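The values are calculated or read from the model by the stated rules, or taken from the named source; none is laboratory data. Keep in mind it's a predicted model, so treat the numbers as computed, not measured. Quick reminder, even Gly has a Cβ in these numbers, built from the backbone with ideal geometry, and neighbours come from all protein chains shown.
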């Protein structure tokens, strides 16, 4: 991502956690839903959301069966600030 939203949001969450649980220690927060993807010839970290789809299909022998599929949808823009995820090639 071309912004610092992930780090900033994690830091804000740690501060909130420290305020709400001052008796605890070693506070940490890590946003889930970030992974590495290869764009062109470089690897970069991108936000993503897991998507689960389902549909009922006709079977050749008659009847129907529900089929599900899980995949990842990578963000083209930061979900926090709206900045484009990758810089355009110059």
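Quick one: how many residues across the stretch 1-26 are under 15 Å from the mean Cα position of the chain (by Cα) and exposed (fewer than 12 other Cβ atoms within 10 Å of the Cβ)?
Of the residues in the stretch 1-26, 1 are under 15 Å from the mean Cα position of the chain (by Cα) and exposed (fewer than 12 other Cβ atoms within 10 Å of the Cβ).
Within the stretch 27-75, can you find the residues that are assigned to a loop (DSSP other than H, G, I, E, B), surrounded by 10 or more Cβ atoms within 10 Å (Cβ to Cβ) and touching a strand residue (DSSP E or B) at 6+ places or on another chain (Cβ under 7 Å)?
33, 75
One residue is enough: does the stretch 74-88 have a residue meeting the conditions at pLDDT below 95 and more than 15 Å from residue 1 (Cβ to Cβ)?
no
Does residue 35 qualify as being at pLDDT below 90 and either under 30 Å from residue 2 (Cβ atoms) or out of contact with any helix residue (DSSP H, G or I) (no Cβ under 6 Å at 6 or more places or on another chain) (or both)?
It is true that residue 35 is at pLDDT below 90 and either under 30 Å from residue 2 (Cβ atoms) or out of contact with any helix residue (DSSP H, G or I) (no Cβ under 6 Å at 6 or more places or on another chain) (or both).
Return the residues of the stretch 80-90 that are outside any strand (DSSP E or B) and touching a residue at least 60 places away in the same chain (Cβ under 8 Å); say none if nothing qualifies.
If the condition is that a residue be outside any strand (DSSP E or B) and touching a residue at least 60 places away in the same chain (Cβ under 8 Å), then 80, 81, 83, 85, 86, 87 are the ones that fit.
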